[in-house]
Amino acid sequence: MHLEKKSPCKVNLILNILGKRADGFHELETVMQPVDVCDEMTFARGGTGITLTCSHPELPVDSKNLVHRAATAFLAAANISDGVRIHLQKNLPLAGGIGGGSANAAVTFTALNELFGAPLTLPKLHELAAALGSDVPFFLHDQPALATGRGEKVKTLENFPALKGRAFFLAHPGFGISTPWSYQNLARFPEALNGKAGRAQKLIACLQAGDLKAAAAEVYNSLEAPAFDKFPVLSLYQEFLLENGAAVALMSGSGSTTFAIANSQSAAETLAEKFKSQFGGNGWIATVPIH
Ligand code: C5P
């Protein structure tokens, strides 16, 4: 059997960091929204051990790759000694704050579970996913979610009425931002480091009520503080997008991707054209309907 899977990405509609924990991670509340712009992955049984190939020359294919680590964790937990072959066609930018690598790992868990006849339960997959990375459990579901703790506690939500019929515009500037760097540098911005809990729920209420204008006033990302300090162009992106018709513009995760919400797919495409003529075409840009 040979499985082909799409590995999507996400944006954080809010990323509110509540403080640093004793284990070095940060306590947070975030609303994550799946985005249907995808890497492609194939899975098959065969060979010995894990054979990972990847279209992207900069990505390692050994145990440094999250996909390899997910496959290792899955096979060990399910007590399987058969070989697997995995190919990753990387379409999404690296270090972009849109969870591409985390999604690859989550898709590996669900695909291998399917390939071997579902030896592991969903709670067990969650446990393995959380051990691999804070964002990985979110991608075990294809739904918006409120995530808390260090991001690994996921409460799935119904699709938001405020986003129905609208579209995302995504722009990666051509340079990445390291997640550990972002969190470390938050220490220089005490206000952003010590957010007040409850903002995510307030945003969810607006999104569920279908009120995008009210939601636009609630979106927020604590990690913009260090990112804008080092890369001021990212704040210029947002200003430009908001001046040119975007309802919302925000950095996703630890950056460097900026996303905007447009009223329709054609409005997102128009925004993309304007963005390209203003900032050039060096980075990566995508538009996609929200479902
Ligand atoms: O969990 P993940 O591997 O995505 O985290 C990468 C790094 O980001 C961690 O090693 C930590 O430095 C930082 N991080 C954090 N608090 C979180 C999530 C990530 O400090 N809630």
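Every number in this text was worked out from the coordinates using simple rules, so none of it is lab data. All values derive from a computational prediction rather than experimental measurement. Note that we place each Cβ from the backbone using ideal geometry, even for glycine, and neighbour counts take in every protein chain shown.
Taking amide H as placed 1.01 Å from N in the peptide plane, the amide H of Gly49 sits under 5 Å from that of Gly83, Val84, each at least 5 places away or on another chain.
Kirkwood hydrodynamic radius of the range 180-270, from the reciprocal of the average inverse Cα-Cα distance over all distinct pairs: 14.2 Å.
If you wrap the range 1-52 in the convex hull of its Cα atoms and look at it from every side, the mean projected area works out to 6.1 nm². In the P(r) worked out for the range 107-258, what percent of Cα pairs fall beyond 21 Å? Tail of P(r) above 21 Å: 56 percent of Cα pairs. Can you pull the percent of Cα pairs in the range 40-190 with separation above 20 Å? More than 20 Å apart: 55 percent of the Cα pairs in the range 40-190.
Here the mean projected area of the convex hull built on the C-alpha positions of the chain is 14.7 nm².
Can you sort Met41, Met251, Met1 by how many other beta carbons sit within 10 Å, fewest first?
Fewest to most other Cβ atoms nearby, the residues stand as Met1, Met41, Met251.
Exposed loop positions in the chain were taken to be GluC sites (Glu not before Pro) whose DSSP state is not H, G, I, E or B and which have at most 16 other beta-carbon atoms within 10 angstrom. Between these positions, the longest stretch is 159-291. Between amide H atoms placed 1.01 Å from N, distances below 5 Å from Val37 occur with Cys9, all of them 5 or more places distant or on a separate chain. For helix 66-77, what angle does its Cα long axis make with the longest principal axis of the chain, in degrees from 0 to 90 and rounded to 10? The answer is roughly 50 degrees. Ranked by how many other Cβ atoms sit within 10 Å of their own Cβ, fewest first, the residues Cys9, Cys206 fall in the order Cys206, Cys9.
Quick check: Cα centre of the range 249-291 to Cα centre of the range 84-149, how many Å? Using only Cα atoms, the two centres lie 25 Å from each other.
In the range 123-169, Rg over Rh equals 1.06, where Rg is the alpha-carbon radius of gyration and Rh the Kirkwood radius from pairwise Cα distances. Overall, the chain carries a charge dipole of about 280 debye about its Cα centre when +1 sits on the Cβ of Lys and Arg and -1 on the Cβ of Asp and Glu, all other atoms neutral.
Dividing the alpha-carbon radius of gyration of the range 1-112 by 2.2 N^0.38 Å (N being the number of residues), what value is obtained? The range 1-112 yields a ratio of 1.18. The distance between label points at Lys6 and Lys230 comes to 3.2 nm (points 7 Å beyond Cα on the Cα→Cβ vector).
Spherically averaged projected area of the convex hull of Cα atoms, the range 166-229: 5.6 nm².
Sort out the exposed loop trypsin sites (Lys or Arg not before Pro) in the chain (DSSP loop, at most 15 other Cβ within 10 Å) and tell me the longest stretch that has none. That would be 65-163.
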